[in-house]
Every structure is written in structure tokens, then in C-alpha cells.
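Visitor: One structure, as C-alpha cells, below. Some questions next.
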Amino acid sequence: MQAPIHPVRAVFISDIHLGSRGCNADALLSFLRAVQTDTLYLVGDIVDIWSLRRGFYWPQSHNNVLRTLLGKAKHGTRVVYVPGNHDEDFREFAGMQFGNLEIAQDCIHVTAGGERLLVLHGDEFDSVVKCSPWLAALGSRAYDFSIGMNRHFNRVRRAFGYDYWSLANYLKHKVKNAVNYISSFEQAVAREARRRGADGVVCGHIHRAEITRIDEVLYCNDGDWVESCTALVEDRNGRLSIWDWSRMQGGLAPVPVADPVGLAA
Ligand SMILES: [Mn+2]
């Protein structure tokens with residue numbers, strides 16, 4: 001029996017990590033088949049190039065995810081790909097467009113209610129989070145400098161054969177301070193959205209789905225398809241919610257787990 005299709009306005013997914021063993025490709029496939037969206041945002045870490053370099057792993061299900069994503073673009077969905085740190089090689093194609101598929105460093109999504117959301121992966125803020133007490137002391141110039149340097153820092157790490165410094169991994173091993181790190185990340189992202197005149201922000205990177213307000217800025221994190229199976233979804237009326245697909249698949253009614261947030265409300 002064909003599962004019901006959910007028609008929605010926008011879907012944001014990130015941190016899929018295709019090419020790594022942690023990826024929940026089958027769950028993602030069933031999610032992609034169950035939603036029909038006008039715009040699909042791929043908010044970074046779609047393919048895990050860092051993991052592929054360590055050892056090649058590419059099962060059929062990962063191929064099926066890629067084919068389904070491209071198939072959506074072919075059949076009328078506007079697909080916007082915002083690369084992250086694990087697929088940063090694609091950042092050099094930012095600004096390019098292939099049919100319905102666009103690649104961007106970051107972009108603005110305008111909701112049905114006319115609110116502007118800055119869409120970015122979030123790794124730009126790793127250095128801010130790592131060095132936050134220092135940066136607070138040094139001030140806002142140091143803060144901006146740190147964001148700019150983060151990419152170069154990781155390029156140098158790679159040149160010397162080190163892995164990407166991952167905030168998500170770091171948090172797992174620093175549980176005691178995890179709450180502080182998460183809030184420091186969220187504040188950094190919200191601050192960037194405000195600086196760029198957006199009403200809110202959509203990011204990924206820390207593998208923790210959430211919708212909240214931080215100093216008047218709507219902070220949305222679309223979660224991941226490794227630790228959880230979560231997506232940020234904007235319905236036809238412009239209401240945003242987080243879908244936890246592993247719970248919705250288990251026979252539970254396909255309702256958002258988080259209370260939908262209407263931006264205009
Ligand atoms: Mn990331």
C-alpha cells in the first residue's frame with residue numbers, strides 16, 4: 001500500500017553523512033518518498049567526504065538517496081544545496097545552478113508569512129564556540145576574525161592529515177559542558193542572523209533539532225540523519241515544525257513532535 005504523501009512548502013535536512021556507516025539512509029529514503037515539497041534545502045554534511053577519505057563505504061541505499069534527491073530536482077522541486085564542513089569541497093561550486101539544483105554558500109528562505117530565514121550549515125561558528133571565553137574578552141573584531149579563520153584552520157588540519165574538528169563529536173565526549181557549548185553555538189548563529197538582517201536562521205551541524213527564539217531571532221536546527229532522523233518542515237501555511245521521522249514511521253500518526261511555530265503569530 002502506498003503511504004500517504006505530505007504536501008509541504010519547504011523541507012530542510014542536513015547532516016546525512018552519506019558515505020559513512022552512521023547514515024540512516026533507509027529512514028531518509030522513506031521520508032523523502034513521503035513528502036512532496038516546493039523547495040528542498042540540503043543544509044550541509046550531505047556526503048561525508050572526510051569519512052570517505054578514511055575508507056570507502058558506499059552501499060546501494062546511499063546511491064538511492066542521491067538518486068532520489070536528484071529525481072526531486074528533475075521533477076520540479078527546487079533543490080538548494082548549502083555544503084557543510086564534511087562536504088566542503090562543494091563550496092567552490094557555490095553560485096552555480098544545474099537545472100533545479102542550486103549550490104550556495106548560504107541563502108535566504110522566505111516563508112509563506114514573508115519572514116526571512118538565513119540558511120547555513122553552522123560550522124563557521126566552531127571556532128567561536130571553542131574559544132568563547134577568550135573571544136568574549138577580546139571583543140567583536142576578534143569574534144568576526146575567528147569566524148573567518150575557521151575554514152582555514154580546518155584546511156590546515158586536513159593538510160596535516162587530521163580529521164575535521166567536529167562540534168557534534170566533541171559534544172558527545174564533553175557531556176558535562178554540552179549545554180554550555182550548545183547555547184554558545186546557538187547564540188553565535190542567532191547573532192549572525194541578526195547581523196545580516198534576517199528574522200531567523202536555519203542550520204544543522206550539531207545534530208540537535210530544535211526550534212526556539214534567541215533574542216528575537218528564530219533559531220531552527222533541522223537535526224540529522226545519524227543520531228536522530230529529523231527534518232525541519234514548513235507547511236503550506238508557513239508554520240515550521242520538526243519532524244522526528246523514526247517516531248512517525250513507527251505507526252504513530254504523522255504529526256510534528258515539536259509544536260508548530262507560526263512566525264507571524
Ligand atoms: Mn557539520
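Computed from the coordinates by the stated procedures, all read-outs in this text should not be read as laboratory data. All values derive from a computational prediction rather than experimental measurement. In this analysis, Cβ positions are derived from the backbone assuming ideal geometry, glycine residues included, and neighbour counts consider all displayed protein chains.
Visitor: Assuming R0 = 35 Å, can you tell me the calculated FRET efficiency for the pair Glu92 and Arg33, based on Cβ-Cβ distance, to the nearest 0.05?
Guide: 0.65
Visitor: Once amide H atoms are built 1.01 Å from N in the peptide plane, which residues 5 or more positions from Ala104, or in another chain, come under 5 Å H to H?
Guide: Residues meeting the amide H criterion: Tyr81, Val82, Gly95.
Visitor: Under 18 Å from the 7 Å Cα→Cβ point of Arg247, by amide nitrogen: which residues of the stretch 217-238?
Guide: Of the residues in the stretch 217-238, 220-235 have backbone N under 18 Å from the label point off Arg247.
Visitor: On to the next question. Given labels modelled 7 Å from the Cα in the Cβ direction, how far is it in nm from His75 to Gln105?
Guide: 3.5
Visitor: Also, I was wondering about something else. What list do you get for Trp50, Trp58, Trp245 if you sort them by fewest beta carbons within 10 Å? All intermediate terms of the calculation are to be shown ahead of the outcome.
Guide: Details: Trp50 20, Trp58 13, Trp245 24.
With the fewest neighbours first, Trp50, Trp58, Trp245 line up as Trp58, Trp50, Trp245.
Visitor: Most exposed first by the Cβ proxy, i.e. fewest other Cβ within 10 Å, how do Phe93, Phe31, Phe125, Phe56 rank?
Guide: Ascending number of Cβ neighbours within 10 Å: Phe56, Phe93, Phe31, Phe125.
Visitor: For a footprinting-style exposure proxy, rank Glu92, Glu115 by other Cβ within 10 Å, fewest first.
Guide: Exposure proxy ranking, most exposed first: Glu92, Glu115.
Visitor: May I pose another question? Check Gly223: other-chain or 5+ apart residues with amide H under 5 Å from its amide H, H built from backbone geometry?
Guide: So Gly223 has HN proximity to Arg208, Ala209, Glu210.
Visitor: Sequence-distant or interchain residues sharing an amide H contact under 5 Å with Tyr41, placed H: which?
Guide: HN-HN under 5 Å from Tyr41: Val11, Phe12, Ile13, Val80.
Visitor: Using the beta-carbon distance between Arg54 and Glu227 and R0 = 25 Å, what value does 1/(1 + (r/R0)^6) give for FRET efficiency, to the nearest 0.05?
Guide: 0.80
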